[in-house]
Amino acid sequence: MSALASAPFSAEEIASEGIKPEEYEEIVRRLGRHPNRAELGMFGVMWSEHCCYKNSRPLLKQFPTEGPRILVGPGENAGVVDLGDGFRLAFKIESHNHPSAVEPFQGAATGVGGILRDIFTMGARPIAILNSLRFGSLEDARTRQLFSGVVAGISHYGNCVGVPTVGGEVYFDPAYSGNPLVNAMALGLMETSEIVKSGAKGIGNPVLYVGSTTGRDGMGGASFASAELSDASIDDRPAVQVGDPFLEKSLIEACLEAFKTGAVVAAQDMGAAGITCSTSEMAAKGGVGIELDLDKIPVRESGMVPYEYLLSESQERMLFVAHKGREQELIDVFERWGLHAVVAGSVIEQSIVRILFKGEVAAEIPATALADNTPIYHRELLAEAPEYARQAWAWSVESLPAATPQGIELQGTQSSWNDVLLKLLATPTIASKRWVYRQYDHQVQNNTVMLPGGADAAIVRVRSVAEWEHPGQSATGAQPALTTSKGVAATVDCNARYVYLNPYEGAKATVAEAARNLSCVGAEPLAVTDNLNFGSPEKPIGYWQLAEACRGLSEACREFSTPVTGGNVSLYNETLDANGVPQPIYPTPVVGMVGLVDDLTQICGQGWQAADDLIYLLGVKSDAEMTPNVTLGGSEYLATVHGLVAGQPPVVDFGLERQVQAVCRAGIRQGWVRSAHDVAEGGLAVALAESCISSNLGAEVVLSTNQSLRWDQLLFAEGGARILVSVARSQQAIWESYLNEQLPTSWQALGSVSSQPHLHLSTTDNVTLINLSLVDLGDRWHTAIERYFTS
């Protein structure tokens, strides 16, 4: 008889925990008995994709994870890199997609709270938050509700906890209609001399529960995050956590103070799977066991049973292992901050998680069975690209209507290139996100150097521990000089349409764009944290997308010498339609990349700086033959103007990317380059318009024409490692000499910045392609999103 047949649970009860029949058989084999209800729940959350990466772990092993600046790689709460001069940066990205789909405000708010805990659990003070968001069309009322709720949740938690939200990205596409993506990234500066790790040590050492109380909120959130969304998901609101940012602020200060005492052996945030995850992971990583008494846990609700204690994802809670005899010292610290701190258990020699309740053993499971030796699925990769991709690749530009210098015919009506550019600028994906970032406090802590909307990446000043503890005052009482001129740059990037069309090339392009964005502000790319948002890996197409994207990410991270320090995998991002058919999102491997700014006086933004400055295009020339590196395939122009998602996305030329980015960084350091902006969605015309809008200065641009090029390719093609820069006319000779030396065939002079308030693009034979006032450009770009909430 199979174990399933004799199980004390029905097949429905087992399935409700996210456990497959064959997995239940394996649980029984490992325990030598049937699990009880609490143990079944523990296996359900810890064997979910969200916690154990059972479908993705074999693919993640190919990522480069080591480098000269990497201090902590994958496996801990956050990665840590060396910034030099004693500064160390912790950073991480996590998703809160499913909770945000059901309860957008709390789902997004607790996503921010969770990623902040990952940072300060390492002994780092959080200094910045970024987010990467995806929604359906703003034409849809439900999408507007989700969008406004998520933004409100992010702003509420970040603003209240006192950490600036300094950057991010927002995309809108019908592919995300029922399943928005909410990825939160946080950065922190190490304050402790030793990096705090999570592996439990020291037999007999006390285990402390610290922070908030435990309730029934967030029940089974990890399993909830590992299943498709449906109309019934609204009933899963109890699986969405409820956060308290003011309590978390106290928790940050208490934890950092506690770590500095030296009394803490190990620490673990109680995130997904709560007590179950923190106890089993700490035990497994330390090669020891943990015994925990649930009767010692502070609760906010009466009548809770072990299953509820163990699966609760109540927020703002931590688990510590302390040096024996020093537990009271830590309890005093937390009570001084108005937080709970109790000795709830101890480290034991046997490598098990033993849970006590009312004097009896409520659960007893080998720690590695929960946290390390979990199921792994090696799935078969499709031998060739799926049909949808092959059909998309068959598209050619010749199928588009004829283009002339005056414009293009769309649905029987002639549209000028002015009309097309304004349409693209009014597309929510391209348009200004000021409606979003004006809700965020992006200047709290007073270290934000580059404000949202001003550049391709955020920049935050690095501040020493002494400056944090005694702001504005030195040991002698005088105003201190800044201890460093260093800064940290950060960006989050992913063009999911590219990844959908070609996961391998699209993933490479994601890493390339992240590195390019950092280079555009003068930062040297250092390392990556990634958030892999995909559909079901159990379907051949879903697994092909995941596997090919991981291959592309791995290759690109090696090419740019940006190791992966950790991240998050969020699968089963699918919405069941009314007929029960799963509709997956676009594959969306978001890359969060951090970079080092050695001197904060040597940075730049995307807006022009002065009239008469010269404008240059680095990378593939605008009049070059269309190659796989520059294309309309997968472009915003093709999707927005022609309603097509087709073609091959741009192919990354790693050698050219590295050259262009190095030249841009060097130009900024030398003071030659005064503005820099990468050519991304919308192509060259949109990049020029954005630089004009950001500076309120116009531009006179003359494009060389290639008779083999279409006019829309010249204006709106994407790719090509391209960066738009401006240089003072007085620096023209030395700058062009440097370009001829470093990029002899990959740069082009385009024109100059103008005091006249318009963008004028013409050809070498004096044909005007675009001529628009800054008022018209700015109105479309600034108000595109706001109009959906004011009309």
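The values are calculated or read from the model by the stated rules, or taken from the named source; none is laboratory data. For clarity, every value in this text was computed on a predicted model and none was experimentally measured. Note that we place each Cβ from the backbone using ideal geometry, even for glycine, and neighbour counts take in every protein chain shown. The accessibility values were calculated without ligands, DNA or RNA, using every heavy atom of the protein model including side chains. Shrake-Rupley method; radii C 1.70, N 1.55, O 1.52, S 1.80 Å.
Computed over protein heavy atoms with a 1.4 Å probe, the accessible surface of segment 38-143 works out to 24 Å² per residue. Carbon-plus-sulfur accessible fraction, segment 259-384 (probe radius 1.4 Å, protein heavy atoms only): 47%. Against the chain, whose longest principal axis is taken from its Cα atoms, helix 141-161 shows a tilt of about 70°.
Given their separation in residues at 0.36 nm each and the Cα-Cα distance between them, Gln145 and Ser193 gain 12.8 nm when the chain is fully extended.
Once you sort the root eigenvalues of the Cα gyration tensor of segment 555-647 as a ≥ b ≥ c, which label holds: rounded (a/c under 1.5), prolate (a/b larger than b/c) or oblate (the other case)?
The shape class here is oblate.
Taking a point 7 Å from the Cα of Arg379 along the Cα-to-Cβ direction, the residues of segment 60-78 with backbone N closer than 15 Å to it are 60. Counting only alpha carbon atoms, the long axis of helix 104-120 and the longest principal axis of the chain meet at about 80°. Computed from label points 7 Å out along Cα-Cβ, the spacing between Trp393 and Leu138 is 3.6 nm. Separation of segment 64-124 and segment 653-721, taken as the distance between their Cα centroids, equals 32 angstrom.
If each residue of separation counts as 0.36 nm, what is the full-extension length gain between Ser2 and Gln670 once their alpha-carbon separation is subtracted?
Length difference between fully extended and current span is 233.3 nm.
Here segment 643-784 exposes an accessible surface that is 45 percent carbon and sulfur, computed with a 1.4 Å probe and the other protein chains kept in place. Between Pro306, Gln328, His340, the Cα set farthest toward the positive side of the dipole of segment 270-345 (charges on each charged residue's Cβ, about the Cα centre) is that of Gln328.
Please report the carbon-and-sulfur percent of the accessible area for segment 494-551; probe 1.4 Å, protein heavy atoms only, DNA, RNA and ligands left out.
48
Scanning the chain for GluC sites (Glu not before Pro) that sit in a DSSP loop and have at most 15 other Cβ atoms within 10 Å, the longest stretch containing none of them is 626-785. Apply the a/c threshold of 1.5 to the C-alpha gyration tensor of segment 657-726 and tell me whether it is rounded, prolate or oblate. Taking the square roots of the gyration eigenvalues as a ≥ b ≥ c, segment 657-726 is oblate.
Lysines within cross-link reach of Lys197: Cα-Cα under 23 Å, excluding same-chain residues under 8 positions apart? Cross-link targets: Lys61, Lys92, Lys249, Lys260, Lys285, Lys324. Taking a straight line from the alpha carbon of Lys621, these lysines sit under 26 Å away, with near neighbours fewer than eight places off in the same chain left out: Lys423, Lys508.
Model label sites at Gln756 and Glu736, defined 7 Å from Cα along the beta-carbon direction, differ in position by 2.2 nm. Over segment 647-694, accessible surface divided per residue gives 25 Å², non-protein components excluded, 1.4 Å probe. Averaging Cα coordinates gives a centre for segment 386-434 and one for segment 333-347; these two points are 60 Å apart. The angle separating the long axis of helix 327-336 from the principal Cα axis of greatest extent in the chain is about 60 degrees. Listed by chain and number, the aspartates and glutamates whose C-alpha is less than 20 Å from the C-alpha of Lys20, apart from same-chain residues fewer than 8 away, are Glu12, Glu39, Glu49, Glu228, Asp372, Glu380, Glu538, Glu574.
With R₀ fixed at 35 Å, the C-beta to C-beta distance from Arg33 to Asn579 puts the FRET efficiency at about 0.25. Annotation: per residue accessible area for segment 719-791 equals 46 Å², rounded to a whole number [probe 1.4 Å, protein chains only].
For a paramagnetic label modelled on Ile203 (point 7 Å from Cα along Cα→Cβ), amide N atoms under 18 Å away belong, within segment 284-324, to 284-292, 322-324. Here the spin labels are modelled as points 7 Å beyond Cα on the Cα-Cβ line, and at Ala15 and Asn771 they lie 6.8 nm apart. If the chain linking Thr261 and Gln609 were pulled fully straight, counting 0.36 nm for each residue of separation and taking away their Cα-Cα distance, it would gain 120.4 nm. At most 11 other C-beta atoms within 10 Å and a DSSP loop state: those are the exposed trypsin sites (Lys or Arg not before Pro) I care about. Give me the longest piece of the chain that has none. Here the longest run is 359-791.
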